[in-house]
Amino acid sequence: MNANKRTAKSGTRGVTLRTAGLSLRLDVRGAVVGLLLIALALVMGVVLIGTGDFPIAPADVVRTLLGDGTVAQDFIVNELRLPRVLVGLLVGAALGLGGAIFQSISRNPLGSPDVIGLGQGAAAGALTAIVLVKGDPNVVATGAVLGGVLTGLAVYALAWRQGVHGYRLVLVGIGTSATFTAVNGYLLTQAQQEDAARAVMWLTGSLNGRDWDQVWPLLAVCAVLMPVALGQARNLRMLEMGDDSAYALGVRVERTRMVLMGAAVLLVASATAAAGPVAFVSLVAPQLARRLTRSPGPNLLPAAWMGAALLVTADWASQRAFGADQLPVGVLTGMLGGAYLLWLLVTERRAGRI
């Protein structure tokens, strides 16, 4: 028999490809959903670049990106609007992936960074840099990353009890979020008027004024941490079956959990540092991705693409509805995400899970 003979076997959840002794299982529906989400994110990115006080047709945007635009179009597209869109795509992907990891580890749809306090912790770090240090944007971004990382460490330590389990993680996170909300309110009361206005603007979560200085650090973080997280996707799926089952299947449970939570915390903290605490993307994106793929497991890549598509679409909608730079994207995602959270709570209660 030819050793290089390839075979394909269809199943209810996908297709298994075998070649040269290797076996690869492809979830066809998940792959199609992922490709459609990538296409949606890229199309909305092009449309968003063309939106503003100086509208540009999508075809002209593409020509300009390929180096065939006018001098004016080149400046508007490549210097003013492209960085904003790239930050939106990267922030959305980082939040979606981070949310999928936390929801999978906690085995709870409420176990997202929004709920367990990472956003509030990063905000506390940023507000400390604004109000107490009076730092420049680089110092504020550093404060946000440090605040998010320290909050993640605190939540992990407080939730530890012979391992980290879902509901304990969520409950500790909710308490941590409430604590940092109070701290952030106190910092705002101590701020001078100019610093308070700057802090409030940062807290809304916005892509306004983003440039290449925000793109490169966030791109570097995503380029390093996303492969780390995706490389643990199989082990994460085993963790969803419970620690005992994962141990039996040879997974180093605590090491895997620490690596994944560390990557998720850094992704969410870096995204928050770049755009402020954009609310509920990390909660909604993984759930929508899972409903579209109808696939078990963490669905890490679809969640990342969904987050990217959601954020650029929300930014475009806010500009179309209220005018350029009038409504920060974090306000719109907060309104829509809050409604989704209420629906999710009602659904979970009817299912008897809360």
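Details
- Single unsatisfied condition, Ala159 versus (1) in contact with a Leu (Cβ under 6 Å, 6 or more places away or on another chain); (2) within 29 Å of Arg84 (Cα to Cα): (2)
Yes or no, residue by residue, for (1) surrounded by fewer than 15 Cβ atoms within 10 Å (Cβ to Cβ); (2) at negative phi; (3) at pLDDT 95 or above:
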residue	(1), (2), (3)
Ala8	yes, yes, no
Gly11	yes, yes, no
Leu17	yes, yes, no
Asp27	no, yes, no
Ala31	no, yes, no
Gly34	no, yes, no
Val43	yes, yes, yes
Thr51	no, yes, no
Pro58	yes, yes, no
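- Among (1) of a type outside the set (Asp, Glu); (2) under 25 Å from Ala233 (Cβ atoms); (3) in contact with an Asp or Glu (Cβ under 6 Å, 6 or more places away or on another chain), the one test that Pro83 misses: (2)
- Pick from the range 159-177, criterion aliphatic (A, V, I, L, M) and out of contact with any Gly (no Cβ under 8 Å at 6 or more places or on another chain), ranking: surrounded by the most Cβ atoms within 10 Å (Cβ to Cβ): Val164
- Matching residues in the range 233-247 - criterion: being modelled with pLDDT of 85 or more, open to solvent by 60 Å² or more (accessible area, probe 1.4 Å) and either of a type outside the set (D, E, K, R) or in contact with a Gly (Cβ under 8 Å, 6 or more places away or on another chain) (or both): Arg237
- Selection status of Leu110, assigned to a helix (DSSP H, G or I) and on the phi < 0 side of the Ramachandran plot: no
- Val268 being crowded, with 19+ Cβ neighbours inside 10 Å and within 22 Å of Leu95 (Cβ to Cβ): yes
- Residue, nearest to Leu266 (Cα to Cα), within the range 190-224, restricted to residues that are open to solvent by 60 Å² or more (accessible area, probe 1.4 Å) and not in a helix (DSSP H, G or I): Gly209
- The lone exception for Pro227 - which of (1) open to solvent by less than 40 Å² (accessible area, probe 1.4 Å); (2) without any contact (Cβ under 8 Å) to a residue 12 or more places away in the chain it fails: (1)
The values are calculated or read from the model by the stated rules, or taken from the named source; none is laboratory data. This structure is a prediction, so every number in the text was calculated from the model and none was measured. Backbone-built Cβ (ideal geometry, glycine too); neighbour counts: all protein chains shown. Only protein heavy atoms, including side chains, enter the accessible area calculation; ligands, DNA and RNA are left aside. Shrake-Rupley method; radii C 1.70, N 1.55, O 1.52, S 1.80 Å.
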